[in-house]
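Chemist: Before we start, here is the structure in question, set down as structure tokens.
The values are calculated or read from the model by the stated rules, or taken from the named source; none is laboratory data. Predicted model, so just to flag it, every value in this text is computed and none were measured. Cβ placement follows ideal geometry from the backbone for every residue including glycine, while neighbour counts extend to all protein chains displayed. Note: areas computed on protein heavy atoms with side chains; ligands, DNA, RNA excluded. Shrake-Rupley method; radii C 1.70, N 1.55, O 1.52, S 1.80 Å.
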Amino acid sequence: KSKQREDMWFPTIDRDELWGVLCNMVELLADDSHAYIFCDHEVLPILLNWVRESELNKVITYSKPLVWDKMDAGMGYHWRARHEYIVMLEKGKRRLNDLSLPDVLCFKRVQGKDKCYPTEKPLALIQTLLANSTFATETVLDPFCGSGVVGLAAQGMNRNAILLDTEPRAIELANRRL
């Protein structure tokens, strides 16, 4: 069951819900395509284990953790994270559009007056992922759209986008942004 603190913008999901989301996402993922899942150091090994050791390994032919270097430290009460993980999944066989890109992506995190959602990702980072895994007129799905940055990137790159979120404030924000 989803848990939400009153002061949080969005609900968090537990391990069972995450498994369900991953299975549904893989089922919806087109053949010969990629998916990207942003996560932290705790969820990274869980996702990689699931796609490599469960029945999903019959469908997901390749998985790779990428690192998003945020260029400066975020908030925290312990070691302050300067990076976030991105799990790249491949269903079928699809070559990346640019094989020269490294697996550490350096993009300054969104902060200050430019930040409109707690987990917002930089537009340039999303554009890089979309440019490397999609072509013009293809459809991109973002089931946790938050601020709508994936839709904004898709719009500017001649991709179609389907954006979903369970949080009404996120939907309102994404609609205003687009």
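Chemist: With respect to the numbered conditions (1) at pLDDT 95 or above; (2) open to solvent by 30 Å² or more (accessible area, probe 1.4 Å), which one is the sole condition not fulfilled by ARG109?
Modeler: (1)
Chemist: In region 112-122, which residues are modelled with pLDDT of 85 or more and crowded, with 17+ Cβ neighbours inside 10 Å?
Modeler: The answer is GLU120, LYS121, PRO122.
Chemist: Ok, one more. Would you confirm whether or not region 40-59 contains a residue that is assigned to a strand (DSSP E or B) and either surrounded by 13 or more Cβ atoms within 10 Å (Cβ to Cβ) or out of contact with any strand residue (DSSP E or B) (no Cβ under 8 Å at 6 or more places or on another chain) (or both)?
Modeler: Checked against the condition, which is being assigned to a strand (DSSP E or B) and either surrounded by 13 or more Cβ atoms within 10 Å (Cβ to Cβ) or out of contact with any strand residue (DSSP E or B) (no Cβ under 8 Å at 6 or more places or on another chain) (or both), region 40-59 yields no hits at all.
Chemist: Residue by residue through region 136-168, note down the ones that are among the polar types (S, T, N, Q), in a loop (DSSP other than H, G, I, E, B) and surrounded by fewer than 17 Cβ atoms within 10 Å (Cβ to Cβ).
Modeler: THR137, ASN158, THR166
Chemist: Among (1) within 19 Å of LEU29 (Cβ to Cβ); (2) open to solvent by 70 Å² or more (accessible area, probe 1.4 Å); (3) of a type in the set (Lys, Arg), where does LYS64 come up short?
Modeler: Among (1) within 19 Å of LEU29 (Cβ to Cβ); (2) open to solvent by 70 Å² or more (accessible area, probe 1.4 Å); (3) of a type in the set (Lys, Arg), LYS64 violates only (2).
Chemist: Determine whether ARG95 is in contact with a helix residue (DSSP H, G or I) (Cβ under 7 Å, 6 or more places away or on another chain), of a type in the set (Lys, Arg) and closer than 26 Å to ASP31 by Cβ.
Modeler: No; evaluated as a whole, the condition is false for this residue.
Conditions tested, residue by residue: (1) modelled with pLDDT of 95 or more; (2) surrounded by 12 or more Cβ atoms within 10 Å (Cβ to Cβ); (3) in contact with a strand residue (DSSP E or B) (Cβ under 9 Å, 6 or more places away or on another chain).
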site: GLU6; (1), (2), (3): no, no, no
site: ILE86; (1), (2), (3): yes, yes, yes
site: LEU89; (1), (2), (3): yes, yes, yes
site: ASN97; (1), (2), (3): yes, yes, no
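Chemist: If the requirement is being open to solvent by less than 50 Å² (accessible area, probe 1.4 Å) and at pLDDT below 95, which of these qualifies: ALA73, ALA35?
Modeler: Step by step, each of ALA73, ALA35 is checked, and only ALA73 is open to solvent by less than 50 Å² (accessible area, probe 1.4 Å) and at pLDDT below 95.
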